[in-house]
Amino acid sequence: KYPELYYYVDDAHGMSVFGKHGNGYVLSQQPYFHERMILTTSLAKAFATGGSVLVFPNKELARKVRTCAGSLVTSGPMQPATLGAAIASAKIHLSDEICVMQDELHENIKYANLLIKKLGLPLVSESNSPVFFIGVSLPKLGYNIIKRMLDDGYYLNHGIFPGVPIKNTGVRFTITRLHTFSQIEDMLERMAYHFPHALEEESFSMQQIYKAFKMPVPEEQQIEKSVQSLINQINLKVEHHNTISDVNKVEWNNLLGERGSFDWDGLKFLEDSFSKNELQENNWDFDYLIIRDNYNKPVLATFLTTALWKDDMLSPASISEQIEAIRATEDPYYLTSKVVFIGSLLTTGNHLYLDRTSSMWKDAMQILFEKLSELQEKSNAGAVLLRDFDSGDDEMDAFLVDNGYYKINMLDNHSIDVTWNSEQKYIEELSAKSRKHLRQDILRNSSKYEITVEKNPTPADIHDWYNLYLNVKERSLELNTFTLPLKVFKNMARHEQWEIMTLKLKPEFDTRNERKPIAVMFTYHTVENSNFMTIGIDYSFQKEFMCYRQALYQVIMQAKKLNLKKINLGFAASFEKQKLGAQVFTPVAYMQTKDHYNMETIGNMSAITNLKSTVA
């Protein structure tokens, strides 16, 4: 497709080990040097000296790289001692001695492969390479095994994120021709001895390792799976439902009902709204999980959503702007991935009920991990995500990282505890600057508005509200999600717990003479809390009448009228919400990904943008 481009091949592990005169695996397999190929290899591995080699198809390309490449501009020549060793090694390569050395190394590699198979260690890929990778899946298991081997006098290392996906961690070691069969055997036998002990300590199984690497499970591991499954069933009872209709309403609301807009009725609303839609991003799959102890007491409860995400959802707005330009002109699903996650894209708050006083809470979390993995495989999702955790919870942080999740920051979230009993008391509790802001930008405009809690809207009303929502969505890249379908707003309009409030200018201030709202707020009320979820605005009135700030203020006042205890204001617009007395907290999320390509692409775009800004 791009014939003008060069491609490069890294043959660091093949150099010296394979091919005539140790020319490497690539050149041993290719009859000629391709005119568009650049070959790189290290002299610090099997060549046994230092430095590296770059081979170009022509002198002009070599000159350009030597002159312009950033890594070469600031580098220096090889030191004389290293250069002397390289010359000596090159002479060996050009003699028949290299053939003897290669044969000796290949015999050691074959012997190591045979022993690994005999001892039942999970070798991820058998090859003729002297570098071996024993799969362990989770970093905590890798650290355990490496520590045990180090105590026995064997120095191995970790193959870990970001070099590999975090759930595809492995123990990595290298065989040389100088190792004896006895040394190789002793090392591998010690590893085979430590493996089951490490698995037991970390509450993991060989079957889970094979599953993580998509390797066929040996027959003996299938037996282990059945035994482990039986043990889990005895210790904890797992309820898994695909619809909230199958979950006890009273129990669910007692566990999670006041944490956000995801009480029983709120989840029924989501199921009805995000099914049977035309676009794939508007069809979500829901799973409900309740894990109980032997006394039938819930230890863990949550709901999971499988949906298509924009991979730049939490990226800086400048990056999302670039990506949206490509989506608009080339591919609407560019840099998007299916994700299995706790919560949903239309809810905020702590979606995980977890009884940390139970001695079995970590066992319950392990079952949650397994369910997430099952759903990931079933839906072919690229990632799983656990969200809305307290950033200061060190115990949970260590537990999740040990189980193969890496931490990412979420956007600031905001809430107000309704401790005041009147509008005047609310204003008095604000800081002096916030009171000034309130008087100048909100209260002086309040008399210009008609504020209505909408009942029985017409289809035309709902379309007007939707267009106001689209105004905001098209400008909002701080939290970049797919556009909600019109069906969601139609369902809001007839749902008892969704409150839709509109702001209209009084006739003397509305130059359009249309009597249409210039702002609309969508809020979900539970028994005790108000959950402000989304807004629509006519920006042509924003500068003069400050309708966004007025909308936030009226949402707060409405919650007080309804005698609610807490107002959840959600993500983004942190400056505006803090001015109105909102408390700010920054939750964290934990993620596992199968493929890092999309994230690396976004990371590269961010790096280029930052570089341009620095140069400018």
Check your understanding: Which residue pairs have Cβ atoms closer than 7 Å, lie 6 or more positions apart in sequence or on different chains, and pair a first residue in the range 154-174 that is closer than 12 Å to Ile134 by Cα with a second residue that is among the acidic types (Asp, Glu) and open to solvent by less than 40 Å² (accessible area, probe 1.4 Å)?
Key -> none
Practice item. Show the residue pairs that are 6+ apart or on different chains and have beta-carbon atoms under 9 Å apart, the first residue being within the range 1-14 and modelled with pLDDT under 75, the second being not in a loop (DSSP other than H, G, I, E, B). Key: Tyr6/Met37; Tyr6/Ile38; Tyr6/Leu61
Practice item. Please find, within the range 538-555, the residue that is surrounded by the most Cβ atoms within 10 Å (Cβ to Cβ) out of those that are farther than 18 Å from His414 by Cβ and touching a helix residue (DSSP H, G or I) at 6+ places or on another chain (Cβ under 8 Å). Key: Cys547
Check your understanding: Any idea which residue in the range 72-120 is farthest from Val131 (Cα to Cα), counting only those that are hydrophobic (A, V, I, L, M, F, W, C) and outside any helix (DSSP H, G or I)?
Key -> Met78
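For the range 402-417, state whether one or more residues are farther than 25 Å from Asn168 by Cα and of a type in the set (Ser, Thr, Tyr). Before you say what the answer is, go through the steps one by one.
Our first condition is that a residue be farther than 25 Å from Asn168 by Cα; within the range 402-417, this holds for 411-417.
Restricting the remaining residues to those that are of a type in the set (Ser, Thr, Tyr) gives 415.
Yes, the range 402-417 contains a residue that is farther than 25 Å from Asn168 by Cα and of a type in the set (Ser, Thr, Tyr).
Name the helices (runs of 4 or more DSSP H) wholly within the range 497-616 that hold at least 2 residues that are in contact with a strand residue (DSSP E or B) (Cβ under 6 Å, 6 or more places away or on another chain), under 30 Å from Glu454 (Cα atoms) and not polar (S, T, N, Q)?
On the way: elements: 542-545, 547-561, 574-579, 597-615.
Qualifying helices (runs of 4 or more DSSP H): 547-561.
Just to be sure before I move on: is Ala317 out of contact with any His (no Cβ under 7 Å at 6 or more places or on another chain) and free of Cβ contacts under 8 Å to residues at least 40 places away in the same chain in the structure I sent? Outline the logic, then answer.
Values: out of contact with any His (no Cβ under 7 Å at 6 or more places or on another chain): yes; free of Cβ contacts under 8 Å to residues at least 40 places away in the same chain: no.
Criteria not met by Ala317.
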Point to revise | One residue from Ser320, Ser337, Ser315 being touching a Phe, Trp or Tyr at 6+ places or on another chain (Cβ under 7 Å), open to solvent by less than 50 Å² (accessible area, probe 1.4 Å) and polar (S, T, N, Q) | key: Ser337
**Study point:** Every pair of residues 6+ apart whose Cβ atoms lie under 9 Å, when the first sits in the range 504-529 and is closer than 16 Å to Leu562 by Cα while the second is open to solvent by less than 80 Å² (accessible area, probe 1.4 Å) and of a type in the set (Lys, Arg)
**Key:** Thr526/Arg259; Glu528/Lys566; Asn529/Arg259; Asn529/Lys566
Check your understanding: Among all residue pairs at least 6 apart or on different chains, which show Cβ distances below 8 Å where the first residue, located in the range 78-93, is under 14 Å from Ser16 (Cα atoms) and the second is open to solvent by less than 50 Å² (accessible area, probe 1.4 Å) and in a helix (DSSP H, G or I)?
Key -> Ile92/Ile98; Ile92/Met101; His93/Gly22
Check your understanding: So which residues in the range 116-130 are open to solvent by 10 Å² or more (accessible area, probe 1.4 Å), under 18 Å from Met215 (Cβ atoms) and not acidic (Asp, Glu)?
Key -> Lys117, Lys118, Leu119, Gly120, Leu121, Leu123, Val124, Ser125, Ser127, Ser129
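Which is open to solvent by 40 Å² or more (accessible area, probe 1.4 Å), within 29 Å of Thr336 (Cβ to Cβ) and out of contact with any Gly (no Cβ under 6 Å at 6 or more places or on another chain), of Leu484, Leu562, Leu479, Leu569? Step through it out loud before you land on a result.
Numbers: Leu484 fails: open to solvent by 40 Å² or more (accessible area, probe 1.4 Å); Leu562 fails: within 29 Å of Thr336 (Cβ to Cβ); Leu569 fails: open to solvent by 40 Å² or more (accessible area, probe 1.4 Å).
Among Leu484, Leu562, Leu479, Leu569, only Leu479 is open to solvent by 40 Å² or more (accessible area, probe 1.4 Å), within 29 Å of Thr336 (Cβ to Cβ) and out of contact with any Gly (no Cβ under 6 Å at 6 or more places or on another chain).
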Study note, to complete from the structure: Considering the range 29-51, residues that are polar (S, T, N, Q) and modelled with pLDDT of 85 or more, and then whichever is surrounded by the fewest Cβ atoms within 10 Å (Cβ to Cβ), we arrive at Thr40
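The values are calculated or read from the model by the stated rules, or taken from the named source; none is laboratory data. Note that the structure is predicted; figures quoted are calculated from it, not measured. Reconstructed Cβ throughout: ideal geometry from the backbone, glycine too, with neighbour counts over all protein chains shown. The area values use the complete protein model at the heavy-atom level, side chains included, leaving out ligands, DNA and RNA. Shrake-Rupley method; radii C 1.70, N 1.55, O 1.52, S 1.80 Å.
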